[in-house]
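Peer 1: So that we are looking at the same thing, I have put the structure below in structure tokens.
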């Protein structure tokens, strides 16, 4: 067993400890025996000079560290049981970017004083209020309402959804008074201001629903997208393009890397340009934790492309995942966006390259028979092949989780994704230029908007076209979904490990 493989399994063991603790309450009386066992196995391995022994001992201790880290993080969260069901007046500020719907405004609120008493340990509550007046991140408010324990809504685990963000209380339609001024991280407030100004420029240049789609692609804003278009997204299996997930960011980064190489830019320069683009993109969207994690995964895939040998990146991906879990252990169980981003990244790094190789291999004879086909493949079709392969690879990896989360599978998504995702980088680039030009000249922004509108119009038409297909999306009965998901997961894991192990054996 190589050191690289030992490190990989230690990272997996740490994640396994967090995963186990996320579902099972583990008594402290069990932790000490686990530590003793791990220590003795390491000692036996060192004395007998058996690498497998001490490596196994390290994995046991890594599981223990994962359990302890989850317990410590869980213990550090505020306990608000004695506040539930009671009315309070509290003061603080809007902690995160509000989410808006037609009738309501939701935002995370940092409570700094309760009934006039400054708190030693401020805590977060989720506030739901009327759509107007508007409140922005950093606004200082005085709120009076009943603090309640989060409850699940129509089968949706709302309590878990809030828990991942450290929120354990909700307040619905309270009395709110603006105190004036702004609080919070100055960098976050500045980025939020830039984001809102950018949204306004997009809205001024593009009609609806094109403007809403552009904001969804660039900023992950889905509130303004019409409900009928959202349903079409679901049926066509392309909701991820407005989710700012690791999949979306990686597709864009990989496309621009291929496109820059197509423009004869040297690979190392194209790599750094694409990586810088992802970083700039994360900053522009507000650098929220979920988008930052997605950006990290996107950059990892670009690094894998640069290295040329995907198997070398499994340790980097495992280490990045372990760091994210160490920072917030809740995301492994309670954050679907993290789970989907991570799995999609695994699919892009492990499965997609193999699919692309098979596609090229199958079309090799056809290309050889067509005059100029070899040149076409080298310069143009590679982007199409890669997009198709990345779509299939990412969807294969996330399919089991999608079945569990939504009980629905889009049968048309492999085809619809190739037709639609191929336009995403162009739509994002054109919309981005339109928004940036709006800061300098409305006339130039409007001219650029014609190009943006044309690409967005194509995407909307294609989404509506694929959504109309019979059985484009199939619902899976709740009793059957877990078995299908389990079978799909086994197939993906088998592919994952056989590819890694097969590659390792042939390269050592």
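Peer 1: Consider residue 117 against the criteria (1) buried (at least 16 other Cβ atoms within 10 Å of the Cβ); (2) over 15 Å from residue 172 (Cα atoms): it satisfies all of them except one. Which criterion is unmet?
Peer 2: (1)
Peer 1: Take the residues of the range 71-83 that are over 30 Å from residue 186 (Cα atoms) and out of contact with any strand residue (DSSP E or B) (no Cβ under 6 Å at 6 or more places or on another chain): which is surrounded by the most Cβ atoms within 10 Å (Cβ to Cβ)?
Peer 2: Restricting to residues being over 30 Å from residue 186 (Cα atoms) and out of contact with any strand residue (DSSP E or B) (no Cβ under 6 Å at 6 or more places or on another chain), the top hit is 71.
Peer 1: Tally the residues that are outside any loop (DSSP other than H, G, I, E, B), closer than 22 Å to residue 76 by Cβ and either free of Cβ contacts under 8 Å to residues at least 40 places away in the same chain or under 28 Å from the mean Cα position of the chain (by Cα) (or both), restricting the search to the range 91-140.
Peer 2: Residues that pass the stated criteria total 17.
Peer 1: Checking residue 52 against (1) surrounded by 15 or more Cβ atoms within 10 Å (Cβ to Cβ); (2) assigned to a helix (DSSP H, G or I); (3) more than 35 Å from the chain's Cα centre (by Cα): exactly one of these is not met. Which one?
Peer 2: (1) is the only condition that residue 52 fails.
Read-outs throughout are calculated quantities, based only on the coordinates presented, and are distinct from any laboratory measurement. On a predicted model such as this, the values are computed, not experimentally measured, just so you know. Using ideal geometry, Cβ is built from the backbone for each residue, glycine included, and neighbour counts are taken over all protein chains shown.
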